[in-house]
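Q: Pasting a structure here, questions to come.
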Amino acid sequence: MQNFAARLATALLSFGVVWLTARYLGAAGRGAVSLFVTDCAAILLFIGLLGGSSLIYLAPRRNLWHLLLPAYGWATLVCALGTGTVALLRQPEPAYLLHLGLLSLLQALFSINTALLLGRRREGTYNLLTLVQVALLAGALLAAFWAGGRLVAVYTYYYAAYLAFGLPLLLSLVPLLRLPDPRRRQGRRLRATTRELARHSRGAHFSNMLAFANYRLGYYFVAYFADARAVGVLSVGVALMEAIWLIPRSAALVQYVDLVNTPGGGPLPESALRVGRLAVLGTAAAVLVLVAVPPAVLTAVFGREFGAAQTVMRLLAPGSVMMAVQMLISSYFAGRAQYRINNAAALAGLVLTLTGGLLLIPRLGIEGAALASTLSYTASTAFLLWHFRRATGLGITAFLPGPTDITRAWQLLRSR
């Protein structure tokens, strides 16, 4: 429950960031921020080739400093190369590239530290640091935009992000230094751990790279076929729907940490399936609430340019519920180190993302982007369900809430 509460607070603060950038910067400014965040996220994806969720997997089994050193070195190299790649492909201004390189590196180092803490079951510290990071970003933007004047500009986001990632990065070093692992390099063991980390990361993270393409490739398609304003409207609809994913992500993260800390294999216990069904139920309920929000509310909250985000949310709604199921099954296969199944599912989704992006977005714009995402999420979830049934004998009904689950959810709500 503590994990869910922290993720809920983080999601609300992230919504605050979306609201602030949309309300004060308009659709074009929000689009520029979204493209910057997407560029950072694209660079961070490659950092996971020597880190990512594999740090969580290996943290209980290896000396943390043997994991930290290669992960830091790889992150520095990737951020430099990634910034250079963006410079070649998109040719933005030099100031943009400077912010991109530095902020992507800060985010990378912060994610490495928090992954190691989470792998050592420091969930409370992990939740606190993540919450502080988003709170600093939202608070800095709020203060700057309220001050008005020249601070109401896209570059304000960059400087707020320096504070939001720099300070938590320093704070995250404190609990790491308190862990009992001896801080000796021990060359041979360090090299062996680095090879092991690389081996696990390649398999574990490839699906994350494909998933990112499924989530965000539409932004680049819309930017190419339309403009930054359309990206801004799309990003608001996407951000609102993806905020709901905190429910299944919380359940999947707890399931994953339990699996990697439990020796041996075995089927999912009924308690885990019950939590999964409640997560799907909560996701479906939240989706219904969001799609019922009239466009007039969106224009009142975000600005007159954002009413079209309602259509985006309605088209994303079925895919968002399917994603709740996908996250739970994906965490099961990841916890069992069966990465190829997740990779194949993400690849199937990517095929539909590319096809839909090329065929639907030029004709339908942001509506085409939302429809392509839903088709992609549905295809990859269906693929995972088929393999999950083969592995466990359980099908989609294992994740469909029944009367008992609804009663249980109602009791939990009443108890709060």
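The values are calculated or read from the model by the stated rules, or taken from the named source; none is laboratory data. All figures in this text were calculated on a predicted structure; none of them were measured in a lab. Heads up, the Cβs are rebuilt from the backbone with ideal geometry, glycines too, and the neighbour counts pull from every protein chain shown. For the accessible areas, the whole protein counts, side chains as well, though only heavy atoms, and no ligand, DNA or RNA atoms are used. Shrake-Rupley method; radii C 1.70, N 1.55, O 1.52, S 1.80 Å.
Q: Grab the DSSP H runs of the chain that are 4 residues or longer, score each as -39,500 (n - 2.57), total them, divide by all residues and round the 222 nm result to the nearest 500 deg cm²/dmol. Display every interim value, and only then the final one.
A: Working: 16 runs with 346 residues, N = 416.
So the calculated ellipticity at 222 nm is -29000 deg cm²/dmol.
Q: For the stretch 235-392, what does the accessible surface come to per residue with a 1.4 Å probe? Please give it in Å².
A: Numbers: 6320 Å² over 158 residues.
It amounts to 40 Å² per residue over the stretch 235-392.
Q: First compute the accessible area of the stretch 10-159 with a 1.4 Å probe, then give the percent of it belonging to carbon and sulfur atoms. Kindly include the intermediate steps, with their values, before the conclusion.
A: Numbers: 4200 of 5990 Å².
Accessible surface attributable to carbon and sulfur in the stretch 10-159 totals 70 percent.
Q: Once fully extended, how much extra length lies between Ala300 and Arg23, figured as 0.36 nm per residue of separation less the alpha-carbon to alpha-carbon distance?
A: Numbers: separation 277, 0.36 × 277 = 99.72 nm, distance 0.96 nm.
98.8 nm is the gain from fully extending Ala300 to Arg23.
Q: If contacts are Cα pairs under 8 angstrom and at least 6 residues apart, what is the relative contact order of the chain in percent?
A: Details: 560 pairs, mean separation 88.2, N = 416.
Once divided by the residue count of the chain, the mean separation gives 21 percent.
Q: Given a 1.4 angstrom probe, what's the average accessible area per residue across the stretch 1-153, in square angstrom? Kindly include the intermediate steps, with their values, before the conclusion.
A: Working: 6260 Å² over 153 residues.
Per-residue accessible area for the stretch 1-153 comes out at 41 Å².
Q: Right, something else. Given the options Ile47, Ile396, Ile366, which has the most mean-square fluctuation in a GNM of the chain, springs set between C-alpha atoms less than 10 angstrom apart?
A: Judging by the Gaussian network model, the answer is Ile396.
Q: Go through the stretch 75-122 and name the trypsin sites (Lys or Arg not before Pro) that are in a DSSP coil and have 15 or fewer other Cβ atoms within 10 Å of their Cβ. Numbers along the way, then the final one.
A: Numbers: sites: Arg90, Arg120, Arg121, Arg122; in loops: Arg120, Arg121, Arg122.
Hits after loop and neighbour filter: Arg121.
Q: Across every pair of different alpha-carbon atoms, what Kirkwood hydrodynamic radius in Å does the chain reach?
A: One over the average 1/r among Cα pairs gives 22.1 Å for the chain.
Q: Another question about this same structure. Can you give me the span-like helices of the chain, meaning DSSP H runs with 27 Å or more of Cα extent along the axis and Kyte-Doolittle mean at or above 0.0? Mind dumping the intermediate values first?
A: Numbers: long enough: 2-47 (37 Å, 1.23); 64-90 (37 Å, 1.21); 94-119 (38 Å, 1.47); 123-147 (36 Å, 1.35); 154-177 (36 Å, 1.47); 187-225 (52 Å, -0.37); 270-291 (32 Å, 1.55); 309-335 (36 Å, 1.03); 339-359 (30 Å, 1.11); 366-392 (38 Å, 0.47).
Helices passing the filter in the chain: 2-47, 64-90, 94-119, 123-147, 154-177, 270-291, 309-335, 339-359, 366-392.
Q: At 0.36 nm per residue, and after removing the present C-alpha to C-alpha distance, how many nm does the segment from Val291 to Leu151 gain when stretched out fully?
A: Working: separation 140, 0.36 × 140 = 50.40 nm, distance 3.37 nm.
Length difference between fully extended and current span is 47.0 nm.
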